[in-house]
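In what follows, a structure is listed as structure tokens, so that the remarks can point back to it.
Every read-out reported here was derived from the displayed coordinates using simple, explicitly stated rules and does not represent laboratory data. Being a predicted model, the structure only gives us computed values, none of them experimental. Note that each Cβ is placed from the backbone with ideal geometry, even for glycine, and that neighbours are counted across all protein chains shown.
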Amino acid sequence: GGRGRGGSGGRGRGGSGGRGRGGSGGRGRGRGGFGGRGKKRGPRVEVNSVDTWKPVTKVGRLVKSGRITSLDEIYKHSLPIKEFQIIDFFIDKETLRDEVMKISPVQKQTRAGQRTRFKAFVIVGDEKGHVGLGVKTSSEVANAIRAAIILAKIAMVPVRMGYWGTRIGAPHTIPSKATGKCGSVTVRLIPAPKGTGLIAAHACSKLLEFAGVKDCFSQTSGHTATMGNFIKAAFAALGKTTAYLTPDT
């Protein structure tokens, strides 16, 4: 009866009576059928956890199964690291440090005006000869930082340590001069004697500190005020320390 599309009576679209879309009778706003609104959600599982990690690359599967026992094995054979969980597997979260070096807004001109996003530069390192640099742009600062940390772990490189003079104690500086370039910025790293410290700008010295270098001189040229290029150039210079073989290796 009436103008109803559905059951018996009223203007109801659903069951028997009333204007309800769902169950039987009344003006209920149910979603139809019987039962509740789905099962309850279980406890949240951390996606980035190593325990719940399911490798998708061959290197990842070899790491998870214990066939690869250290990061040095991966670097020695120049195997590509495509999963950041590989770094988390070998380096403890307590040991691995990360720091946001710069967040800069970048804009794109659209018909509706400007679209502003945020570009994050993040460095990670364990202060034991491993350091990485990640750059990511996102519409939100938190998302940019989170993604940049993941990219920095994937881009992590080994840094060779050496001595300035007599080989006494642990290695404390880089083994030889190294140069890196990005844009107009050129960074040259020079070995220094023990006790010198890091003679470099803030961004460069942070990168050296995260890599585990105790003493180092630096020389720069170009527009070093462009923080992004400055960090990239210093990172490229550190990466070159393992780009060659010496008689003692």
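Work out Dmax and Rg for the stretch 123-249 from the C-alpha atoms and quote the Rg first, both in angstrom.
14.7, 52
Give me the percent relative contact order of the stretch 103-190, please, defined on Cα pairs under 8 angstrom at least 6 residues apart. Walk me through the numbers on the way to the answer.
Working: 155 pairs, mean separation 16.5, N = 88.
The normalised contact order for the stretch 103-190 reaches 19 percent.
Full extension from Thr246 to Thr220: what is 0.36 nm times the residue separation minus their Cα-Cα distance, to one decimal in nm? Before the final figure, lay out the partial values.
Values: separation 26, 0.36 × 26 = 9.36 nm, distance 2.61 nm.
This chain segment gains 6.8 nm when fully extended.
Would you work out the relative contact order for the stretch 134-249, in percent, from Cα pairs under 8 angstrom that are 6 or more residues apart?
Over the stretch 134-249, the number comes to 26 percent.
Given labels modelled 7 Å from the Cα in the Cβ direction, how far is it in nm from Ser49 to Arg115?
3.6
Would you mind getting me the FRET efficiency between Lys102 and Ser65? Use the beta-carbon distance for r and R0 = 30 Å, nearest 0.05.
Details: r = 39 Å, r/R0 = 1.30.
Computed FRET efficiency for Lys102 and Ser65 comes out at 0.15.
Listed here are the pairs Lys82/Lys194; Lys181/Lys206; Lys64/Lys232; Lys108/Lys206; Lys54/Lys240; which of them are more than 28 Å apart at the Cα? Walk me through the numbers before you get to the answer.
On the way: Lys82/Lys194 37 Å; Lys181/Lys206 18 Å; Lys64/Lys232 31 Å; Lys108/Lys206 31 Å; Lys54/Lys240 33 Å.
Violating the 28 Å Cα-Cα cut-off are Lys82/Lys194; Lys64/Lys232; Lys108/Lys206; Lys54/Lys240.
Would you mind counting up the charge near Ala178? Only other residues with Cβ under 10 Å from its Cβ, with Lys and Arg at +1 and Asp and Glu at -1.
Numbers: positive: Arg160, Lys177, Arg188, Lys240; negative: none.
Value of the local net charge: +4.
Show me 115-122, 179-186 ranked by packing, highest mean number of other Cβ atoms within 10 Å first.
115-122, 179-186
DSSP loop GluC sites (Glu not before Pro) in the stretch 78-155 with at most 12 other Cβ atoms within 10 Å of their Cβ, which ones? Working shown, then result.
Working: sites: Glu83, Glu94, Glu99, Glu127, Glu140; in loops: Glu83, Glu94, Glu127, Glu140.
Answer by residue number: Glu94, Glu140.
How many nm separate the modelled label positions at Lys58 and Asn143, each set 7 Å beyond the Cα in the direction of the Cβ?
Each label point is offset 7 Å from its Cα along the Cβ direction, giving 3.5 nm.
For the stretch 97-112, in order, what is each residue's ³J(HN,Hα) by Karplus, 6.51 cos²θ - 1.76 cosθ + 1.60 with θ = phi - 60°, in whole Hz (x at glycine and Pro)?
9, 9, 8, 7, 7, 7, 10, 10, x, 10, 10, 10, 7, 10, 5, 8
Where does the charge balance sit around Val59 when Lys and Arg score +1, Asp and Glu -1, over other residues with C-beta under 15 Å from its C-beta?
+4
Quick one: if the Förster radius is 22 Å, what FRET efficiency do Leu79 and Lys181 give, using the C-beta to C-beta distance and rounding to 0.05?
Numbers: r = 26 Å, r/R0 = 1.20.
About 0.25, to the nearest 0.05.
Give me the net charge of Thr226's neighbourhood, meaning all other residues with Cβ under 13 Å from the Cβ of Thr226; Lys, Arg count +1, Asp, Glu -1.
Values: positive: Lys102, Lys119, Lys181, Lys232; negative: none.
Here the charged neighbours net out to +4.
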